[in-house]
Amino acid sequence: MPETPSRPEPFVQRTDPAALADLRARLRATRWPDAPEDAGWSLGADVGYLRELVAYWADGFDWAAQEEALARLPRYRVRVGGIGIHVLHARAAAPSGPVLPLVLGHGWPDSFWRYTKVVPLLTDPGAHGADPADAFDVVVPDMPGFGYSDRPTGPPLDSVAVAGLWAELMDVLGYRRFGASGGDLGSHVSRYLALDHPDRVVAVHRTDGGLPVFGGDPAELTPEERDWFADVAAWGAAEGAYAAVHRTKPQTAAFGLTDSPAGLAAWIVEKLRSWSDCDGDVENSFTKDEILTNVMIYWLTGTIGSSMRMYQANAAIPVEQHARRVEVPSGFSLFAGDVLRPPRAWLERTTNLVRLSEPARGGHFAPFEEPELYAAELREFFRPYRKEWA
């Protein structure tokens, strides 16, 4: 018989001092690679910057303060589908009208961390200069194998399966109907929530269109779509090595990244820089404390390997799944600094597109980079659907 979901239990995060002592010893004993003179970030992570970051991580970074800040968020553990899920569940602070439940989907390389800045803006808009009527109940789960959720012991779960878990999770939390939003892998999950549970998802918002999969005649595509496909292929050749590793041999990379904190930081920070709207300087988008808080979650939970394995699972999703059109009202916020921004024609082909905006600032991690702008995008998009969820 299927396992009965558990009630949410408060999640208390406490790091063993021995784990921190071990981390500092590893950081101080880092064996550094060489690099060509003036290579900078051109070959991957910049050695000079990583030396600076690791030195701060070992002797300046205050994880206890970051952990205390995260502990102030309303976080829980609940068992759904036989898997323990860590979820941030924050209710609207002072609602003045219908409160729309909203499930937010993170991506890689992050976790619930992606949305920590935006939660108060969504639950209490009145306190941040916005309309109190736009308040949400916010649900931010860590996907299985990410953050503080359980790592699957069997085959990794794909985005279709995770969407099914989120539908079950929303039931456990008392929400029959809700909105969904996400980026990166979270965009995939939000898409499948809308596809497989259209009676429950009132509208879906995404910050990207995912990687395009098209099984039809290329002649059917518009010139803009064909150009975008070519851009995606060129991006994959220049920037997609990480994804090829994740899809094919994630376990091999996991040995080094699980053992070396400097290696883990390099693997993650290079993507924070490449995919954010930082103009080449990662600290234009993230402080060292913010970067290291994200990396620490991966380090302490040992989830870099399990998070990468989801790419392999998603690569096996049948083509016919990709061909399905989302009929739930769909909106997209394509931030200027993000990668692989799809043309309107593709979004109209694949979804019931009702709103498309292109914010002038922000990148792949928009909820963290530009939380006020991101929150405003969600308020604007979901406003017409508030009365439909009950």
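Throughout, read-outs are computed from the coordinates displayed, never taken from laboratory work. Keep in mind it's a predicted model, so treat the numbers as computed, not measured. Note: ideal-geometry Cβ built from the backbone for every residue, glycine included; neighbour counts use all protein chains shown.
Here are the numbers:
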| item | result |
| --- | --- |
| Karplus 3J(HN,Hα) series, Hz, for segment 158-171 with 6.51 cos²θ - 1.76 cosθ + 1.60 (x for Gly, Pro) | 8, 5, 5, 5, 5, 4, x, 5, 5, 4, 5, 4, 5, 4 |
| If the convex hull is drawn through the Cα atoms of segment 70-217, its volume per residue in Å³ | 126 Å³ |
| Inter-probe distance in nm under a simple model that places probes 7 Å from Cα toward Cβ, at residue 22 and residue 284 | 3.9 nm |
| Calculated from backbone phi, Karplus (6.51, -1.76, 1.60) coupling profile of segment 195-210 in Hz, x at Gly/Pro | 6, 8, 9, x, 6, 10, 8, 6, 6, 10, 10, 9, 9, 7, x, x |
| Cβ-Cβ FRET estimate between residue 93 and residue 358, R0 fixed at 30 Å, reported to 0.05 | 0.50 |
| Size descriptor, Kirkwood hydrodynamic radius, that averages inverse alpha-carbon separations across segment 9-383, Å | 21.2 Å |
| Options 319, 331, 139, ranked by Cα towards positive dipole end of the chain, top entry (Cβ charges) | 139 |
| Relative contact order computed over the chain (Cα-Cα under 8 Å; 6+ residues apart), in percent | 19 percent |
| Interchain or long-range residues, amide H under 5 Å from residue 137's placed H | 92, 100, 102 |
| Test item: Cα-centred dipole of the chain, Lys/Arg +1 and Asp/Glu -1 on Cβ, debye | 1160 debye |
| Cα-based Lys pair tally, the chain, threshold under 26 Å, eight or more apart or on separate chains | 4 |
| Table column - 3J(HN,Hα) (Hz), segment 223-231, Karplus curve with 6.51, -1.76, 1.60, x for Gly and Pro | x, 5, 5, 5, 4, 5, 4, 5, 5 |
| Under 5 Å, built H, 5+ apart or other chain: amide partners of residue 332 | 206, 355, 356, 357 |
